[in-house]
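To start, the structure under review is shown below, and the notes come after it.
Derivation of every value follows stated rules applied to the coordinates shown; laboratory data play no part. This one's a predicted model, so the numbers in the text were calculated from it and none came from an experiment. Here the Cβ is made from the backbone with ideal geometry for all residues, glycine too, and neighbour counts use every protein chain on show.
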Amino acid sequence: MTENPPQPEQGSTYKAIAEILVSKFQVEENTLTPQTLLTELGIDSLSLMEFVFAVEDAFNIRIPEERLDPREAGIDLQKLANVIDEFILSTKK
Amino acid sequence: MSEPVLISGYGWVSPLGSSSAGRSKETDSGIAGALRSQDFDTNLFNGYSAVHSRAIDLPGQPTAYVPVASCDFDHSLISSVSKVPLDRGAAMALSAAKDALVNAGLASQTTETGFELSVSGIDPTRVGVFWGSGMAGAFSFDQTAEQIYQHGKRVRPTSVVTIMPNSAAAELALMVKAQGACMTYACACASSSVAMGEALRALRAGWLDLALVGGSEAMLTPGVLASWNALRVLAPVKDSQSNLSQACRPFSQDRNGFALGEGAGAFVLERQSQAIRRGVKSKISLSGYATNCDATHMTLPDTSGQVRAMHAALRDANLQASDIGYVNAHATATSAGDLAEVRSVSEVLGAQVPISSTKAQFGHMLGAAGAMEMVASIKALEHQTLPPNANLSLETVDTEFKLNFVASKGVKAHQPLRHVLSNSFAFGGTNAVLIASNID
């Protein structure tokens with residue numbers, strides 16, 4: 001076990017989830033910023049579930065709903081990235 | 001007599017090529033179906049067979065080889081309005097339907113894969129979708145089961161809406177914003193013929209002005225192939241190297257089963273008055289339809305049921321038996337199936353009408369078979385050329401069968417071809433007969 005697990009590269013998690021949105025959900029890349037709300041992605045509730053599922057698969061994690069419920073209002077891509085980073089770090093401790 | 005219903009556009013995805021080169025990319029997979037769309041007519045009339053072998057490797061079972069006719073089609077390239085993942089069959093449905101809409105002048109192809117609908121002036125509440133599939137969702141269902149039971153993985157959140165049988169119809173309705181009836185028919189091999197026929201009835205009755213109709217099937221996955229193989233209706237395959245272009249031989253003395261196919265056929269059906277208003281140039285109508293059930297056996301066909309269906313379709317089209325210039329037979333190269341159909345066609349249409357089965361070429365596309373065979377029948381009307389019996393010759397034809405079989409390559413019609421009849425006879429006993437006519 002590494003005593004000091006490597007910190008995720010700044011912004012790399014956001015970039016990875018943005019890439020999923022572009023490649024799998026046909027979201028225009030130039031419409032995305034870290035502050036883009038999940039509700040502003042132009043994808044419906046079904047696709048939102050598939051998006052979170054795809055993100056979880058990409059990072060090989062399962063985000064508990066108490067950590068992040070994508071149906072809640074006010075969640076942006078940066079918050080999603082932060083939850084992923086925190087979750088990865090917490091599971092490595 | 002009710003107003004004619006025109007086939008104002010059509011499109012397809014098939015093992016012989018698709019109607020859109022833009023959505024059919026060449027691959028190095030070596031499959032016999034890796035063909036570009038412009039080859040389709042040539043392949044059809046030259047008697048090209050797309051049948052090849054596929055191995056079924058299931059845990060705990062010896063490898064089995066089965067005959068299939070697959071499409072050069074990457075379903076991951078097809079996106080839907082709903083943006084949920086598409087079943088392979090639904091993706092084929094969308095691709096074929098887009099081509100049909102472009103062909104009907106209801107949409108434009110903006111880029112290789114771009115697509116823009118232009119249905120202004122048409123009341124969306126009078127636009128319907130009538131779709132058929134025998135095992136809709138089978139591709140995704142089989143993959144989902146594999147994920148759970150073989151790999152111990154979780155299920156995708158949208159598995160239900162991807163697998164549900166009406167998924168393709170719902171995606172089509174979303175695509176064209178059709179707010180009229182949205183129906184899905186599952187009548188095994190007759191599914192898409194029934195879908196087309198029921199749409200014809202809805203249009204004639206005045207319930208709708210326009211309908212997007214047809215069928216799709218994608219079932220070439222291990223579990224489904226193993227199920228068909230267990231039923232012992234597939235032509236036998238020795239190994240992966242077997243030459244299978246002659247594997248499926250409808251009407252032959254030594255016929256011994258079919259290959260499973262996949263694909264989709266889509267049509268825009270339109271009341272003639274509206275088609276004229278839009279400036280549609282098509283002169284082909286869907287002129288007759290009938291369906292019934294043998295109600296005698298789950299799989300064994302019954303000649304009397306088929307006879308009743310063909311008579312009813314002729315009455316529906318207001319035609320005599322002698323008006324029919326070509327029959328696209330259901331014939332799947334099974335011993336009992338071909339025999340029953342030869343008897344029913346002889347009884348209703350006589351021995352002189354040219355007849356062929358295109359199953360040797362496309363494989364058996366099950367729920368999409370009726371739609372694809374209507375494509376072949378329309379091609380016959382357009383080219384005045386009869387689709388062939390790809391693997392049949394005077395030497396190999398069943399000596400009991402006294403019909404006018406088209407040769408192994410397509411031949412020009414001897415007299416103007418005005419009316420064609422297509423049979424679809426299904427497991428479960430459903431019979432469906434469609435007639436298309438040149439109304440020039």
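When you restrict to C-alpha pairs under 8 Å that are six or more residues apart and normalise by the size of chain B, the relative contact order lands at 22 percent.
Normalising by residue count, the range A:12-91 has a Cα convex hull of 83 Å³ per residue. Helix-only mean residue ellipticity at 222 nm, the protein assembly as shown, DSSP H runs n ≥ 4 weighted -39,500 (n - 2.57), per residue, nearest 500. What is it? Mean residue ellipticity, 222 nm, calculated: -10000 deg cm²/dmol.
Taking 0.36 nm per residue of separation and subtracting the Cα-Cα distance, full extension of the segment from B:Asp254 to B:Ser322 would add 21.4 nm. Computed from Cα atoms, the angle from the helix A:77-92 axis to the main principal axis of chain A rounds to 30 degrees. Counting only Cβ charges, +1 for Lys and Arg and -1 for Asp and Glu, the dipole size of the range A:12-91 around its Cα centre is about 120 debye.
Taking label positions 7 Å along the Cα-Cβ direction at both B:Val155 and B:Lys238, the computed distance is 4.4 nm, reported to one decimal.
So how tilted is helix A:45-59 from the main axis of chain A? Cα-based, degrees 0 to 90, rounded to 10. Helix A:45-59 and the main axis of chain A meet at about 30 degrees.
Fewest Cβ neighbours within 10 Å first, please rank B:Cys182, B:Cys293, B:Cys248, B:Cys187 accordingly.
Values: B:Cys182 18, B:Cys293 15, B:Cys248 31, B:Cys187 25.
Going from least to most buried by this count: B:Cys293, B:Cys182, B:Cys187, B:Cys248.
Taking packing as the residue-averaged number of other Cβ atoms within 10 angstrom, the listed peptides A:66-73, B:87-94 run from highest to lowest as B:87-94, A:66-73. Maximal additional length on extending the B:Ser393-B:Ser245 stretch stands at 51.8 nm, based on 0.36 nm per residue less the C-alpha distance.
On a 0 to 90 degree scale, rounded to 10, what angle separates helix A:12-25 from the longest Cα axis of chain A? Around 40 degrees separate the two axes. Note on chain B: dipole from Cβ charges, positive end direction compared against B:Tyr10, B:Leu349, B:Leu58; the farthest Cα belongs to B:Tyr10.
Evaluate the relative contact order of the range A:12-91 (contact order divided by residue number), counting alpha-carbon pairs under 8 angstrom at least 6 apart; express in whole percent. Mind showing how you got there, number by number?
Numbers: 59 pairs, mean separation 32.4, N = 80.
It comes to 41 percent, rounded to a whole number.
Viscosity 1.306 mPa s, temperature 10 °C: what is the translational diffusion coefficient of the protein assembly as shown from Stokes-Einstein with a Kirkwood Rh over Cα pairs, rounded to a whole number of µm²/s?
65
Qualifying GluC sites (Glu not before Pro) in the range B:349-440, where qualification requires a DSSP coil assignment and no more than 16 other C-beta atoms within 10 Å, comprise B:Glu395, B:Glu400. Within the range B:376-419, the trypsin sites (Lys or Arg not before Pro) that combine a DSSP coil assignment with at most 12 other C-beta atoms in a 10 angstrom radius are B:Lys402. Per-residue mean of foreign Cβ neighbours for A:44-55 is 4 (Cβ atoms of other chains, 10 Å radius).
Centre-to-centre separation between the Cα atoms of the range B:283-310 and those of the range B:77-151: 28 Å. Across all directions, the average projected area of the convex hull around the alpha carbons of the range B:325-407 is 5.2 nm².
Build a GNM of chain B with springs between Cα atoms under 10 Å apart, and of B:Ser285, B:Ser159, B:Ser357 the one that fluctuates most is B:Ser159. Taking chain B as a Gaussian network, Cα atoms linked when under 10 Å apart, which of B:Leu234, B:Leu386, B:Leu319 shows the biggest mean-square fluctuation? Evaluated over chain B, the most mobile residue of the options is B:Leu319.
How would the range B:387-440 be classified by its alpha-carbon gyration tensor: rounded, prolate or oblate, with rounded meaning a/c under 1.5 and the a/b versus b/c comparison settling the rest? Oblate.
Only one residue of A:Phe53, A:Ile75, A:Ser23 has its Cα farthest out toward the positive end of the dipole of chain A, where Lys and Arg carry +1 and Asp and Glu -1 on Cβ, and that residue is A:Phe53.
Each part gets one Cα centre, and for the range B:347-388 versus the range A:34-93 those centres are 52 Å apart.
Beta bridges assigned by DSSP with both partners in the range B:58-212 are antiparallel in approximately 20 percent of cases.
Rounded to the nearest whole Hz, the Karplus-based 3J(HN,Hα) values (6.51 cos²θ - 1.76 cosθ + 1.60, θ = phi - 60°) of the range B:261-270 follow the sequence x, 8, x, 8, x, 10, 9, 9, 9, 8, with x at glycine and proline. Relative to the Cα centre, the charge distribution of chain B, modelled as +1 at Lys and Arg Cβ and -1 at Asp and Glu Cβ, gives a dipole magnitude of about 540 debye. Site pair B:Ser335 and B:Ser273 shows an inter-label distance of 5.5 nm when each label is modelled 7 Å from Cα along Cα→Cβ. Taking Cα centre as origin and charging only the Cβ of basic (Lys, Arg, +1) and acidic (Asp, Glu, -1) residues, the dipole magnitude of the protein assembly as shown rounds to 1140 debye.
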